[in-house]
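Colleague: Below: one structure in structure tokens.
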Amino acid sequence: MSKPKFAMYWAASCGGCEIAVLNIDEKILDVDANFEVVFWPVAVDAKYKDVEAMEDGSILLTLFNGGIRNDENEHLAKLLRRKSKILVAFGSCACEGCVPGLANLSPIQEVVGTAFHTVSTDNPNNILPQPHYEVPEGVLHIPTMYPVLKTLDQVVEVDYYVPGCPPESHQIKAVIDLVIQAVQGKAQLPPKGSVIGAGGSTVCDECPRKRNVKTIKAFRRIQLTQPDPELCLLEQGIPCNGPATRSGCHARCPSAGAQCIGCYGPAEGVVDYGARLISAFSSVIDSNDPAEIDHILDGLVDPAGQFYRFNLASSLLRAAKPAWKSGD
């Protein structure tokens, strides 16, 4: 019997998820032993036309990482959805939009202009990417960026979610083992829409730091203070996103003296990540005076990045009005 087919695709993301899969040590041999890798552009030579020629549903498992930022991303998302029995939103970018989703705060012209017209780019002739470009061999077609970035499940139906930026080795191993056991008839897959390889509670529930229900008079950047190694960081005025973030990481960052930044996404039952954090941060402010409260909140130097760094695209806000209007 032929082995079940495996695919992985990298859309709008940094590529860390691809590295994370290759970083699962000897478990990567289980992928080779139990699956036929038919499409994984980072690791094997495969063409879009090869996938298009496959029968619908012929790929058992596809790990799709990255958000949907352009028409090529959307084409591959819909193609791999058609060809895959199990499509997994793999990593924060596919699940929530992640850092690329923060560009949803700006119009597309500003995003492109920042890339091609600022000091980080040597572009004396002010050349911008064009959808079509003629070369001696023919016409090159360059993907067209969308006004806003979308999460994978805003474009196609997703079977399972694996959060993380990137997912950790134990999460990836859990997904691979689960699918292998299901193929062998030794396990059942969870209900569609389930989060795999992570917990259902919050990072705070895993954090070993003590909570004394203390209140604060200022928010402080962790680089500018010497936090108590045993006390809750948020109760020391250090913005920690643990109260709203899904568990499963064993609270690695707070345990090591760094605040949680939210890469595992919203905890179970959190409707809007930023709103839950605003509520948590407000609960530790020791003031009833509006002016003093404003002054304390000024200590949050990047509110959008603090509350929506990983999940603006999947939040109730989704994007700022200038971004939506730039697509008119």
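Every read-out reported here was derived from the displayed coordinates using simple, explicitly stated rules and does not represent laboratory data. Computed from a prediction, not measured in an experiment: that's the story for all the values here. Please note: Cβ atoms are built from the backbone with ideal geometry, for glycine as well, and neighbour counts cover all protein chains shown.
Colleague: Counting Lys and Arg as +1 and Asp and Glu as -1, each charge on the Cβ, what is the dipole of the chain about the Cα centre in debye, to the nearest 20?
Modeller: Value, rounded to 20: 560 debye.
Colleague: Let me ask you something else. On a C-alpha basis, how far is the centre of segment 139-194 from the centre of segment 273-326 in Å? Whole number, if you could?
Modeller: Rounded to whole Å, the Cα centres lie 28 Å apart.
Colleague: How big, on average over all directions, is the shadow cast by the Cα convex hull of the chain, in nm²? The partial results should precede the final answer.
Modeller: Values: hull surface 83.5 nm².
Seen from a random direction, the Cα hull of the chain projects 20.9 nm² on average.
Colleague: Taking θ = phi - 60°, what integer Hz values does the Karplus form 6.51 cos²θ - 1.76 cosθ + 1.60 yield along segment 242-255, in sequence order, with x for Gly and Pro?
Modeller: x, x, 10, 9, 4, 7, x, 8, 6, 6, 4, 5, x, 5
Colleague: Let me ask something else. Considering amide H positions built from the backbone, and no H for Pro or chain starts, which residues 5 or more places from Lys5, or on another chain, come under 5 Å of its amide H?
Modeller: Glu36, Leu60, Leu61
Colleague: Sequence neighbours fewer than 8 away in the same chain don't count; with that in mind, list the lysines whose C-alpha is under 16 Å from Lys85.
Modeller: Answer for Lys85, where 16 Å is the Cα cut-off: Lys3, Lys5, Lys192, listed by chain and number.
Colleague: For the chain, modelled as a Gaussian network with Cα springs under 10 Å, which listed residue fluctuates most, Gln181, Gln226, Gln171?
Modeller: Of the options given, Gln226 has the highest mean-square fluctuation.
Colleague: Convert each backbone phi in segment 91-103 into a coupling constant with the Karplus relation 6.51 cos²θ - 1.76 cosθ + 1.60 (shift: θ = phi - 60°), then list the ³J(HN,Hα) values in order as whole Hz, x for Gly and Pro.
Modeller: x, 4, 5, 6, 6, 10, x, 6, 4, x, x, 5, 5
Colleague: Tell me, how many Å apart are the Cα centres for segment 38-103 and for segment 1-24?
Modeller: Each part reduced to its Cα centre gives a spacing of 10 Å.
Colleague: On to the next question. Using Cα-Cα distances under 8 Å and only pairs 6 or more residues apart, what relative contact order does segment 225-325 have, in percent?
Modeller: With pairs under 8 Å counted, the relative contact order is 25 percent.
Colleague: Let me ask something additional. Give me the aspartates and glutamates in straight-line cross-link reach of Lys173: C-alpha distance below 16 Å, same-chain residues under 8 apart excluded.
Modeller: Cross-link targets: Glu18, Asp25, Glu26, Asp30, Asp32.
Colleague: What are the lysines whose alpha-carbon lies under 22 Å from the alpha-carbon of Lys321, with same-chain residues fewer than 8 places away excluded?
Modeller: Straight-line reach from Lys321, under 22 Å: Lys150.
Colleague: Continuing with this model, one more query. At most 15 other Cβ atoms within 10 Å and a DSSP loop assignment: could you name the GluC sites (Glu not before Pro) in segment 1-72 that fit?
Modeller: Sparse-neighbourhood loop GluC sites (Glu not before Pro): Glu26, Glu55.
Colleague: While we're on this one: Kirkwood Rh and Cα-based Rg: tell me the resulting Rg over Rh for segment 111-260, rounded to two decimals.
Modeller: We get a ratio of 1.14 for segment 111-260.
Colleague: Which one of Gly113, Gly164, Gly97 has the biggest mean-square fluctuation once the chain is modelled by GNM with Cα springs under 10 Å?
Modeller: Gly113
Colleague: Report the local net charge at Tyr161: Lys and Arg +1, Asp and Glu -1, summed over other residues whose C-beta lies under 13 Å from its C-beta.
Modeller: Numbers: positive: Lys192, Arg246; negative: Glu96, Asp153, Glu157, Asp159, Glu268.
So the surrounding residues net to -3.
Colleague: Can you pull the semi-axes for segment 1-160, root of five times each eigenvalue of the Cα gyration tensor, sorted largest first, whole Å?
Modeller: Three semi-axes, in Å: 31, 18, 16.
Colleague: Given a cut-off of under 8 Å on Cα pairs at least six residues apart, what relative contact order in percent is computed for segment 75-192? Before the final figure, lay out the partial values.
Modeller: Details: 114 pairs, mean separation 43.2, N = 118.
Across segment 75-192, relative contact order equals 37 percent.
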